[in-house]
Amino acid sequence: MFKTYFLLFLLAHILGDYYLQNGTMADHKNKHYGWLIFHGLLYALPFWLIPLFVRMRPAFLWGLIAATVSHFVIDALKSWPKIRRATKSSRTAGQEEEAEKTGFSLWLQSHREFTRRPIVPILFDQALHLLLLALIAFFLAQGHRLELRSGFLAMAETAGLPPSALLAWSLALLLAWKPSNLLIFFILKDYESENPQVRRETDIRAGRMIGLLERVIILILVSLGQPAGISLVIAAKTLARFNRIKEDEEFAERYLIGTLLSTLFAIVISLVL
């Protein structure tokens, strides 16, 4: 029962934090309280659509409230210092520079090589969100049975899958797309070339689509018990870029890292199936 609760909350989290949030919103919520509140409301939307598929009970209602409110609190605590800095206009440049030499900012400067990597705060933020969702799911699973509505059962029957499998596949496909693309993009920023032309080529839409198809195919192969087919997927992808890999060592290194990350994410995502 815990797994079903957690997968349900995780599905709503992925929809709210990734698919209902674009780059503009992610940037502006760190500068304006209005954008932060707007994100919190949009994030809550998938959670409050869950009762369309699951029979609502008092305990489940409190679980939904806890999930959405805790997410907003974490985002508010994370964004509040950035919003304060963005809204301050009375400080002079000298005062700001002096203020930055105190307290926590000194620790940040001493760990610049670690904290400047965008993937680090993203992973920490997501780990905290997922930990809270897991705790909520754990408490809900203690004696509170999850009852699915007839509409969701009909959807699962139409798809030819058990309800749990339909939920797992929906989550797996959503994880394989935008979250995986974003994580790979931010990890590869540490290996990005200073050449603007190369930077543009690392972020083309075709590359993201290839990565998505690669992860979906790997998910299907793993679910069918044919993991050996993964080597054929990687071989076909490498063959298409063989000349570039042979001629450009820097591109080859980024390509290898991206391919291994994509494969790793697909294998990890397959654990929910």
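The values are calculated or read from the model by the stated rules, or taken from the named source; none is laboratory data. Note that this is a predicted model, so its numbers are computed, not measured. Neighbour counts are summed over all protein chains in view; Cβ atoms, including those assigned to glycine, are modelled from backbone coordinates with ideal geometry.
For the reader, a short list of remarks on this structure follows.
- Residue within region 17-26 that is part of a helix (DSSP H, G or I) and more than 20 Å from the chain's Cα centre (by Cα) present: no
- Evaluated against (1) over 22 Å from the mean Cα position of the chain (by Cα); (2) surrounded by 12 or more Cβ atoms within 10 Å (Cβ to Cβ); (3) under 14 Å from L273 (Cα atoms), I218 falls short on exactly one condition, (1).
- Of note, R116 does not satisfy the criterion of being closer than 30 Å to A252 by Cα, modelled with pLDDT under 90 and not assigned by TED's automatic domain parsing to the domain that holds F9.
- Restricted to region 58-67, and to residues there that are touching a Leu at 6+ places or on another chain (Cβ under 9 Å) and touching a residue at least 12 places away in the same chain (Cβ under 8 Å), the residue that is farthest from T4 (Cα to Cα) is A66.
- Positions within region 40-57 being without any contact (Cβ under 8 Å) to a residue 12 or more places away in the chain and under 23 Å from I122 (Cα atoms), in sequence order: L41
- Comparison of A66, A86, A26 shows that the only residue that is more than 21 Å from E147 (Cα to Cα), among the small types (G, A, S) and modelled with pLDDT of 85 or more is A26.
- Residue satisfying all of: in region 236-255; surrounded by 12 or more Cβ atoms within 10 Å (Cβ to Cβ) and of a type in the set (D, E); farthest from the chain's Cα centre (by Cα) among these: D248
- Screening region 114-186 for helices (runs of 4 or more DSSP H) wholly inside it with 1 or more residues that are aliphatic (A, V, I, L, M) and touching a Leu at 6+ places or on another chain (Cβ under 6 Å) returns the ranges 150-159, 163-176.
- Restricting G258, G225, G229 to residues that are part of a loop (DSSP other than H, G, I, E, B) and either closer than 23 Å to L173 by Cα or over 27 Å from the mean Cα position of the chain (by Cα) (or both) narrows the list to G225.
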